[in-house]
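Okay, structure first, notes after.
The values are calculated or read from the model by the stated rules, or taken from the named source; none is laboratory data. What you see is a predicted model; the values in this text were computed from it and never measured. Using ideal geometry, Cβ is built from the backbone for each residue, glycine included, and neighbour counts are taken over all protein chains shown.
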Amino acid sequence: MPIRLKKLIGTILLIVLVILYALIATTVAVARLSESGPLTHLAFFFFTGILWILPAMGIIKWLILPPRPKKPESAPRP
């Protein structure tokens, strides 16, 4: 895969991850934390704010992997 295409795919994946993760975390917070205290809110948003880093690290790790070496083409046998 060409490096430029890989970077484009990785960038799009990271943007989609952040948007979806923020929507899901906010939806869960609104549904579950409506009557909770401020410390519960702080703890929830602290942990959910850090948790998105794990899948992002996987995407970034994939982005920095060197390309696989191409298999040498075998010469035709006589």
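Data for the structure
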{"quantity": "Residue match in region 6-21 (condition: within 24 Å of residue 65 (Cβ to Cβ), free of Cβ contacts under 8 Å to residues at least 24 places away in the same chain and surrounded by 14 or more Cβ atoms within 10 Å (Cβ to Cβ))", "calculated": "yes"}
{"quantity": "Qualifying residue in region 23-33 (condition: free of Cβ contacts under 8 Å to residues at least 60 places away in the same chain, of a type in the set (D, E, K, R) and surrounded by 10 or more Cβ atoms within 10 Å (Cβ to Cβ))", "calculated": "yes"}
{"quantity": "Enumeration of residues in region 10-37 that are over 15 Å from residue 55 (Cα atoms) and in a helix (DSSP H, G or I)", "calculated": "23, 26, 27, 28, 29, 30, 31, 32"}
{"quantity": "Region 44-60, subset surrounded by fewer than 13 Cβ atoms within 10 Å (Cβ to Cβ) and either of a type in the set (Phe, Trp, Tyr) or farther than 16 Å from residue 9 by Cβ (or both), residue farthest from the chain's Cα centre (by Cα)", "calculated": "46"}
{"quantity": "Output for region 38-78, where each listed residue is in a loop (DSSP other than H, G, I, E, B) and modelled with pLDDT of 90 or more", "calculated": "52"}
